[in-house]
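In what follows, a single structure is set out as structure tokens and then discussed.
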Amino acid sequence: TVINKDKLSAKIKAIVVEAHPDDAALAEGLDVKLARKGVGIVIVTFTDGGARFGGQNENLVRQRKQESINAAKISEAAMVVNLGYPDGELSSFEPEVAESFGKVVADINPEFVIAPHEFDEHADHASAFRIAKKTLNGTLPLYTMDTITRRTKFGESIVPTHYFPLSEDEKKVRDDAYLAHESQILDLPPHEMQAVQDVLDLPQKRGQEINVPYAGITVKDGGTVSDPIAEILGEEIKVLELS
């Protein structure tokens, strides 16, 4: 679904990979910040998001697709693509998804890709990273998002390669885009409502780490020397040298 034709024609385009339709919130506003710098953001969701209440729910699938469009309009994305593979079963379809995603990459021709963290405790998120990495095969810079806990599935703190501050408005836009996924934030069990709040709180927690009100992080995967996010954000970004 094309959201904004002009943004889709931007000189620099980037793909944000999601396992599920609301996962871009784990980018902590990086997509919003880049879009405001003129980058054409294309959201590519690997699953249909329909797994809840014990099975695939077609009404939920339709609702989540519309929520994705609503969220993309708020975050100023250029386009939303949903590949429609079964939610919760992404690891069983990795070769097929990689082939489908490869066609999207060839069509969009992005400068870089942002994907879920490789050691996210959610199996679909980790699978989405593997698919993105296999598809790109080192040909494009690959960045990864945060996790809800700011830790890996092994309990280790995520060490960012980049911090980026968020203005109050950028943080609000990021939150509003996330909250547009109403099926994932309303009438949930208490533990899931806590997860929603944890996602909303991520920018404050990352901001505390660099003494600003709000911030986000990303981790640049190895393989390519170029760092387009650092070039685009310039002095707004803090790039860390990892030993």
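The values are calculated or read from the model by the stated rules, or taken from the named source; none is laboratory data. Source: prediction; values computed, not measured. Glycine also receives a Cβ, built like all others from the backbone with ideal geometry; neighbour counts cover every protein chain displayed. Ligands, DNA and RNA are stripped out before the accessible areas are found, and what is left, the full protein with its side chains, is counted by its heavy atoms. Shrake-Rupley method; radii C 1.70, N 1.55, O 1.52, S 1.80 Å.
For this structure, a couple of remarks:
- Selection status of T135, open to solvent by less than 20 Å² (accessible area, probe 1.4 Å), hydroxyl-bearing (S, T, Y) and within 25 Å of A98 (Cβ to Cβ): no
- The residues of the stretch 191-235 that are surrounded by 13 or more Cβ atoms within 10 Å (Cβ to Cβ), outside any helix (DSSP H, G or I) and small (G, A, S), listed by number, are A215, G216, G223.
- Residue that is farthest from T147 (Cα to Cα) [pool: residues in the stretch 1-32 that are open to solvent by less than 10 Å² (accessible area, probe 1.4 Å) and assigned to a strand (DSSP E or B)]: A14
- Those residues of the stretch 154-190 which are among the β-branched types (V, I, T) and either surrounded by fewer than 16 Cβ atoms within 10 Å (Cβ to Cβ) or more than 18 Å from L30 (Cβ to Cβ) (or both), in sequence order: V159, I185
- Qualifying residue in the stretch 39-52 (condition: open to solvent by 40 Å² or more (accessible area, probe 1.4 Å), modelled with pLDDT of 95 or more, in contact with a helix residue (DSSP H, G or I) (Cβ under 8 Å, 6 or more places away or on another chain) and in a loop (DSSP other than H, G, I, E, B)): no
- Number of residues in the stretch 55-82 that are part of a strand (DSSP E or B), polar (S, T, N, Q) and modelled with pLDDT under 95 equals 1.
- Pairs, first of a type in the set (D, E) in the stretch 157-178, second open to solvent by less than 20 Å² (accessible area, probe 1.4 Å), C-beta under 7 Å, six or more apart: E170/G29; E170/V32; E170/K33
- N59 being open to solvent by 30 Å² or more (accessible area, probe 1.4 Å) and within 30 Å of T224 (Cα to Cα): no
- Enumeration of residues in the stretch 170-223 that are closer than 19 Å to T147 by Cα, within 15 Å of the chain's Cα centre (by Cα) and among the β-branched types (V, I, T): V199, I217, T218, V219
- Identity of the residue in the stretch 1-55, over 24 Å from K172 (Cβ atoms) and of a type in the set (K, R), that ends up nearest to the chain's Cα centre (by Cα): K13
- Yes/no for A35 being open to solvent by less than 10 Å² (accessible area, probe 1.4 Å), modelled with pLDDT of 95 or more and either closer than 21 Å to Q184 by Cβ or not in a helix (DSSP H, G or I) (or both): no
- One residue stands out among those in the stretch 158-198 that are β-branched (V, I, T) and under 16 Å from R64 (Cβ atoms): the one that is modelled with the highest pLDDT, which is V196.
- Meets criteria (polar (S, T, N, Q), over 24 Å from P189 (Cβ atoms) and in contact with a Gly (Cβ under 7 Å, 6 or more places away or on another chain)) for T135: yes
- With respect to the conditions (1) within 30 Å of E231 (Cβ to Cβ); (2) under 15 Å from the mean Cα position of the chain (by Cα), S100 falls short on a single one, namely (2).
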